[in-house]
Amino acid sequence: MIEEIRISSLGVIESSVLELGPGLTVITGETGAGKTMVVTALGLLLGGRADTGAVRTGARQARVEGVIRAAGLDQFVAAVEEVGGDVDEGPDGGTVVLARNVSAEGRSRAFVGGATVPVARLTEVAEPLVAVHGQSDQHRLLLPRAQRDALDRFGGDAVARLLATYVTTYRALEATGRELAEVTASARERAREADLLRFGLGEIEELSPEPGEDDGLAVEESRLGFADTLRNAAEQAREALSSESGGPDALATTSAARGFLDSVRDHDTEAAELADRLAEVTYLVSDVAADVASYASRLDTDPARLATVSERRAALTALTRKYGDTIDEVLAWAEQSATRLLDLDGTDERIVALTADRDRLSGELTAAAAALSKARTKAARRLEKQVTAELGLLAMPHARLTITVTPVEPAAHGADDVQLLLAANTGADPRPLNKGASGGELSRVMLALEVALAGTSPVPTFVFDEVDAGVGGAAAVEVGRRLAQLARTAQVLVVTHLPQVAAYADRHVLVQKASDGSVTTSGLTVLDDAARERELSRMLAGQSDSDTALAHAKELLEVARGGGR
């Protein structure tokens, strides 16, 4: 419930505080006094579009604050805490302050429980708290979607569950249909891709390369191509290390040097150490000489093997030009392509599976649509009965509301066309609301719908902005009575110009305008009994001091306070 609204520099309102409570609160005032600014303020608190033109002339910014009583609003409290806002604890459940600033330059800031939030998050948090109805909502009621939504709201959980099942199935069917169309349309491209992959895998399989084979063959080809040169170099190296011809070589030289030092090792330890080191060199040179000899013996010229290696390398190079820079990359491509080919070869099976899924979901959607239509039709009979009864109480005793639920092609919302038809008089044929209802009748139809939907709506606060336009006389009295009836289960705020409606208020707020020559300000005043009589008199006769109007005002209040409710 909204406890208080504080408005600063919004339109003609310089600074005002509107204290609210449970029941029916009416807001009245002369034309141009700023009554609709209260509704505008509520719209800003709900995250509505910020209009810089609403900022008071000369002010830097407009600000609206709303104090929300959080008792019983568990989802609201959870949403506040989720965005980092605080709940001011109290003995009766605590309160939350919502706020919105709109600068003259167009910047907008929103606050939830003291936390700065994007305007979109303010909308998510606050919008479920209030249902605002104005002249624009009457036009919205003429739209098929709004009429269908109203029926679904009235249907409650039974319709909501069936609608959720239908929507889930509808979306699954759409997704399956899109995938099936894509797979079918791309079958030719997939077949072409599969052929290319098969060709490439065939080339690789024919050669059966081994990991790292290209590097190994490159080394072998280089060795075979320079076999003679390598063998000559090895032979010369062996001769230098250990000559069989008796000429000087490294082994003989180091052996001689070792012998010289060995002959004097007993006379000096350093000479002995040098002799030992030369012994190690002698052993090493001997080993290297043997290894060089062995290497030279293996370097045989093999033209046939060279040709084979060169041919193999050329074949592998052809693969690396197409499928990777190295044979390892070629093998990786082959592995990935084999997996991809399995997927491509499964296209036909995928089409069969998707077709089966589509047919199954189509059947499920048909069943879900039928169940939803049945529930909607059942709810329509109950709703039209309740609304017709409400219209009788709103001075339309011969009016009859009919709700048709007509089968149509399945769409996102179901397979029904919902239409509200009104027969305003006895014997008249039911006609669509946009053809069979005047402005005043449409106002009463919307109010009757809201009263009927009140029991199914979780919204704690209703705001009606001059929805009684075009209504007068006895009908206006009945509108006031039904608003009071709605206020028994919810908080109701009504901006009205009808004294018959204002008489039923639990709290009457007057928007007063004063002018000091260049600056206009408005204040919000909660009226006592005497002030209410004067305001109702003004609304009745255009003047607050008319004895006749005052008497009529007292009579209206007595009717409302007596058995009128």
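The values are calculated or read from the model by the stated rules, or taken from the named source; none is laboratory data. Predicted model, so just to flag it, every value in this text is computed and none were measured. As a convention, Cβ positions derive from the backbone with ideal geometry for all residues, glycine included, and neighbour counts pool all protein chains shown. Each accessible area value is taken on the protein alone, full model and side chains, heavy atoms only, with ligands, DNA and RNA left out. Shrake-Rupley method; radii C 1.70, N 1.55, O 1.52, S 1.80 Å.
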Self-check item: Test: Thr456 is hydroxyl-bearing (Ser, Thr, Tyr), open to solvent by less than 30 Å² (accessible area, probe 1.4 Å) and touching a helix residue (DSSP H, G or I) at 6+ places or on another chain (Cβ under 9 Å)
Solution: no
Self-check item: Inter-residue pairs, beta-carbon under 6 Å, first part of a helix (DSSP H, G or I) and at pLDDT 85 or above and in segment 263-280, second of a type in the set (Gly, Ala, Ser) and open to solvent by less than 40 Å² (accessible area, probe 1.4 Å), 6+ apart
Solution: Leu278/Ala257
Quiz item: Can you name every residue in segment 61-72 that is open to solvent by 20 Å² or more (accessible area, probe 1.4 Å) and at pLDDT 90 or above?
Solution: Gln61, Arg63, Glu65
Quiz prompt | Pair list, Cβ < 8 Å and 6+ apart or interchain, from segment 115-127 residues that are basic (Lys, Arg) to residues that are assigned to a loop (DSSP other than H, G, I, E, B) | solution = Arg121/Val83
Quiz prompt | Members of segment 6-15 that are out of contact with any Asp or Glu (no Cβ under 7 Å at 6 or more places or on another chain) and either surrounded by fewer than 23 Cβ atoms within 10 Å (Cβ to Cβ) or of a type in the set (Phe, Trp, Tyr) (or both) | solution = Ser8, Ser9, Gly11, Val12, Glu14, Ser15
Exercise. Look at segment 156-196 and say how many of its residues are open to solvent by 30 Å² or more (accessible area, probe 1.4 Å) and under 20 Å from Glu384 (Cα atoms).
Key: 3
Practice problem: Could you tell me whether segment 384-399 includes any residue that is within 34 Å of the chain's Cα centre (by Cα), open to solvent by 20 Å² or more (accessible area, probe 1.4 Å) and free of Cβ contacts under 8 Å to residues at least 40 places away in the same chain? | Solution: no
Practice problem: Under 6 Å between Cβ atoms, at least 6 apart or on separate chains: pull out the pairs that start in segment 424-444 with a residue that is more than 16 Å from Leu391 (Cα to Cα) and end on any residue that is open to solvent by 40 Å² or more (accessible area, probe 1.4 Å) and at pLDDT below 80. | Solution: Asn434/Leu142
Exercise. Kindly list the number of the only condition in (1) touching a strand residue (DSSP E or B) at 6+ places or on another chain (Cβ under 7 Å); (2) at pLDDT below 95; (3) open to solvent by less than 40 Å² (accessible area, probe 1.4 Å) that fails for Asp429.
Key: (3)
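Before we move on, is Ala338 surrounded by fewer than 18 Cβ atoms within 10 Å (Cβ to Cβ) and touching a helix residue (DSSP H, G or I) at 6+ places or on another chain (Cβ under 8 Å)?
Working: surrounded by fewer than 18 Cβ atoms within 10 Å (Cβ to Cβ): yes; touching a helix residue (DSSP H, G or I) at 6+ places or on another chain (Cβ under 8 Å): yes.
Yes: the conditions hold for Ala338.
Among the residues of segment 349-377, what is the count of those that are in contact (Cβ under 8 Å) with a residue 60 or more places away in the chain and open to solvent by 50 Å² or more (accessible area, probe 1.4 Å)?
Residues meeting the conditions: 5.
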Quiz item: Could you list, in sequence order, the residues of segment 73-88 that are in contact with a strand residue (DSSP E or B) (Cβ under 9 Å, 6 or more places away or on another chain) and either of a type in the set (A, V, I, L, M, F, W, C) or surrounded by fewer than 18 Cβ atoms within 10 Å (Cβ to Cβ) (or both)?
Solution: Leu73, Phe76, Val77, Ala79, Val80, Val83, Gly84, Asp86, Val87, Asp88
Self-check item: Qualifying position, being farther than 24 Å from Pro432 by Cβ and modelled with pLDDT of 95 or more, among Leu361, Leu354, Leu372
Solution: Leu361
Quiz prompt | Criterion (in contact (Cβ under 8 Å) with a residue 24 or more places away in the chain and either open to solvent by 60 Å² or more (accessible area, probe 1.4 Å) or in contact with a helix residue (DSSP H, G or I) (Cβ under 7 Å, 6 or more places away or on another chain) (or both)) met by exactly one of Arg321, Arg298, Arg312 | solution = Arg312
Quiz item: If you check Thr116 against the conditions, is it over 21 Å from Gln491 (Cβ atoms), among the polar types (S, T, N, Q) and under 21 Å from the mean Cα position of the chain (by Cα)?
Solution: yes
Exercise. Could you tell me whether any residue of segment 529-538 is among the aliphatic types (A, V, I, L, M), under 21 Å from Gly472 (Cα atoms) and either assigned to a helix (DSSP H, G or I) or at pLDDT 90 or above (or both)?
Key: yes
Quiz item: Within segment 1-58, how many residues turn out to be under 23 Å from Leu129 (Cβ atoms) and assigned to a strand (DSSP E or B)?
Solution: 17
Practice problem: Return yes when Arg153 is exposed (fewer than 13 other Cβ atoms within 10 Å of the Cβ), at pLDDT 85 or above and not in a loop (DSSP other than H, G, I, E, B) and no when it is not. | Solution: no
Exercise. Give the residue that is modelled with the lowest pLDDT, with candidates limited to residues of segment 490-520 that are assigned to a strand (DSSP E or B) and open to solvent by 40 Å² or more (accessible area, probe 1.4 Å).
Key: Thr520
